[in-house]
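Colleague: Have a look at this one.
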Amino acid sequence: MRDVYIIGVGMTKFGELWGKSLRQIFVEAALSAIDDAGVDHIESMYVGAMTTGLFVGQEHIGALMADYLGSAPVPAVRVESACCSGGMALRMGFFEVASGNSNIVLVGGVEKMTDGADVTAALATAADQEYEVYQGVTFPGLYALIARAHIARFGTTRKQLAAVSVKNHHNGSLNPNAQFQNEVTLDQVINATLVADPLTILDSSPVSDGAACAILVSEEVMKKAKRPAVKIIGSGAATDYLALHQRDDITVLNAVKRSAERAYKMAGIGPEKIDFAEVHDCFSIAELCIVEELGFVEKGKGGPFIEAGNTALDGKIPVNSSGGLKAKGHPVGATGIAQVFEVVEQLRGNADKRQLKDVHIGLTQNMGGSGASSVVHIFKLAE
Amino acid sequence: MPTPRYTREIPQRYRLEANKCKNCGRISFPPRQICPHCGGRNFERTRLSDQGKIVTFTTIRVAPTQYSSQVPYSIAIVELNEGVRITTQVVDCKPEDLGVGKPVKIVFRKMYPEGKTGIICYGYKAVLV
Ligand SMILES: [Zn+2]
């Protein structure tokens, strides 16, 4: 396999972008990434999106986006793995460059969630329609089931869960692309409107529109580009039982654990070498479980670890410096690539007010559904 | 829900029919074509017990359209006596009555009417015992 580098990233602001269409936001992010990379063409593209068919009635978006990007007849395909569609699109682009088939590949993610669709029902299609959704469970409901099990088994507290949202809102307040740039307090999170007990609206990522893109290139193109490049040193993906109830241990996100193990193996490093991470905090409990599965802390100790500030901007391992899904926003298909945007900007030293000090290796973790699919990538600033 | 899709699930939803792997003895609910534990492809039909206990639970406050008139309602993952787990509503009780480990019984109930002209959908729910 050849080495693969990222030489450009771009994203739209995340939020309720009523004035802009699905194709507009994607092209905006794509042009921004192309300009950042300084390339004059692309050879192929992968577009991550969860359910544009349900959100805006539009499928076939690989072709649509290639068309509106003025890049037809390049090959273009949409990649879907629920909320980790973006991360999986990155993985497809990574393999295309690594294989030698293409030298310049655009990977992107997009979702337009505020055009009036039944968002709860659309997101629920990532769960088992016949044996979870039919019974009346929702996505917040599934994560609430995980939260209650984690609380019962490990003594995780309501306050520890809320600490995730407080941290991510603080980070979001420093990110001009974030949907929410306001701080929240522990009390506000705990006492907010319940969505699925014990999770409140402030434990939950919002409904968002947005797009993000990255330009992946071979070593040859990277050298000619003469700009700071980030090397992808690890990629791992994994799956699990789709229905939460079928997993032996409700508190374990096995796909996250396995995808991380595979990415660490490819990179030839362990979690102790990771300087910072962007992870899939669709709900506060998700980030808590993920820091455990990624090996940043022992299983069951995520609550105290986060509460003690270890994952804050100035902590031992900053997590979601962008504000995460919670504050930055979660246009589902775009999230996995927006995580890459943050890691690349941090490694290149462009993260302004939220810039982390002395970071060399970053990790992204993007997850589908209640954790039935997960993809992890590891990045290092190229010499 | 289109009628064929609904009809196909009736054995599971009305009678808790499952598959027992002839190789390793593990039960799959709903039935699968391949046993996720041993890869076995030969099964015998079995019916799950209607007794179990709550593994974890929540109360849904924001529901998809077909359930929106029923909020708040409680949902649990229930482990039945055979060790098989299902996601199910827990009804005829208050949210604060639920608890991890509490015993439940599975009952046959109406789920929701399908729009204004569709069929009435049925299935299993749990009640505290
Ligand atoms: Zn078996």
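The values are calculated or read from the model by the stated rules, or taken from the named source; none is laboratory data. On a predicted model such as this, the values are computed, not experimentally measured, just so you know. Cβ atoms come from the backbone with ideal geometry, glycine included; neighbour counts cover every protein chain shown. What goes into the accessible areas is simple: the full protein's heavy atoms, side chains included, and nothing from ligands, DNA or RNA. Shrake-Rupley method; radii C 1.70, N 1.55, O 1.52, S 1.80 Å.
Colleague: Filter the stretch B:24-35 down to residues that are in a loop (DSSP other than H, G, I, E, B) and more than 8 Å from the ligand (Cβ to nearest atom) and give me whichever is surrounded by the fewest Cβ atoms within 10 Å (Cβ to Cβ).
Modeller: Within the stretch B:24-35, the match that is surrounded by the fewest Cβ atoms within 10 Å (Cβ to Cβ) is B:GLN33.
Colleague: Between a first residue in the stretch B:64-76 that is closer than 20 Å to A:PRO198 by Cβ and touching a residue at least 24 places away in the same chain (Cβ under 8 Å) and a second residue that is acidic (Asp, Glu) and part of a helix (DSSP H, G or I), which pairs have beta carbons less than 9 Å apart while being 6 or more apart in sequence or on different chains?
Modeller: Cβ pairs passing all conditions: B:SER74/B:ASP97.
Colleague: Oh, and also: Can you tell me which residue in the stretch B:36-60 is nearest to the ligand (Cβ to nearest atom), limited to those that are β-branched (Val, Ile, Thr) and in contact with a helix residue (DSSP H, G or I) (Cβ under 8 Å, 6 or more places away or on another chain)?
Modeller: In this case the residue turns out to be B:VAL55.
Colleague: If you scan the stretch A:83-99, which residues turn out to be under 13 Å from the mean Cα position of the chain (by Cα) and open to solvent by less than 10 Å² (accessible area, probe 1.4 Å)?
Modeller: Passing the criteria: A:CYS84, A:SER85, A:GLY86, A:GLY87, A:ALA89, A:LEU90.
Colleague: Which one is nearest to the other protein chains (Cβ to nearest Cβ), of the residues in the stretch B:36-53 that are outside any strand (DSSP E or B) and closer than 14 Å to B:VAL84 by Cβ?
Modeller: The selected residue is B:PRO36.
Colleague: Do we find a residue being in contact with a Gly (Cβ under 6 Å, 6 or more places away or on another chain), among the hydroxyl-bearing types (Ser, Thr, Tyr), assigned to a helix (DSSP H, G or I) and at pLDDT 95 or above anywhere in the stretch A:251-269?
Modeller: Checked the stretch A:251-269: at least one residue is in contact with a Gly (Cβ under 6 Å, 6 or more places away or on another chain), among the hydroxyl-bearing types (Ser, Thr, Tyr), assigned to a helix (DSSP H, G or I) and at pLDDT 95 or above.
Colleague: Here is a list: B:ALA63, B:ALA76. Which entry is more than 16 Å from the ligand (Cβ to nearest atom), under 18 Å from the mean Cα position of the chain (by Cα), assigned to a loop (DSSP other than H, G, I, E, B) and facing chain A (nearest Cβ under 10 Å)?
Modeller: When all the criteria are applied, what remains is B:ALA63.
Colleague: Within the stretch B:6-23, restricting attention to residues that are of a type in the set (Ser, Thr, Tyr) and open to solvent by 40 Å² or more (accessible area, probe 1.4 Å), which residue is farthest from the ligand (Cβ to nearest atom)?
Modeller: Only one residue fits best here, namely B:THR7.
Colleague: Let me ask something else about it. Taking the criterion of being among the hydrophobic types (A, V, I, L, M, F, W, C), within 20 Å of the chain's Cα centre (by Cα), open to solvent by less than 70 Å² (accessible area, probe 1.4 Å) and away from chain B (no Cβ under 14 Å), would at least one residue in the stretch A:220-230 satisfy it?
Modeller: Yes: one or more hits.
Colleague: Which number in (1) within 8 Å of chain A (Cβ to nearest Cβ); (2) more than 15 Å from A:HIS245 (Cα to Cα); (3) touching a strand residue (DSSP E or B) at 6+ places or on another chain (Cβ under 7 Å) marks the one condition that B:GLN70 misses?
Modeller: (3)
Colleague: If a residue counts only when it is open to solvent by less than 50 Å² (accessible area, probe 1.4 Å), more than 9 Å from chain B (Cβ to nearest Cβ) and polar (S, T, N, Q), which helices (runs of 4 or more DSSP H) contained entirely in the stretch A:114-188 have at least 1 such residues?
Modeller: A:158-172
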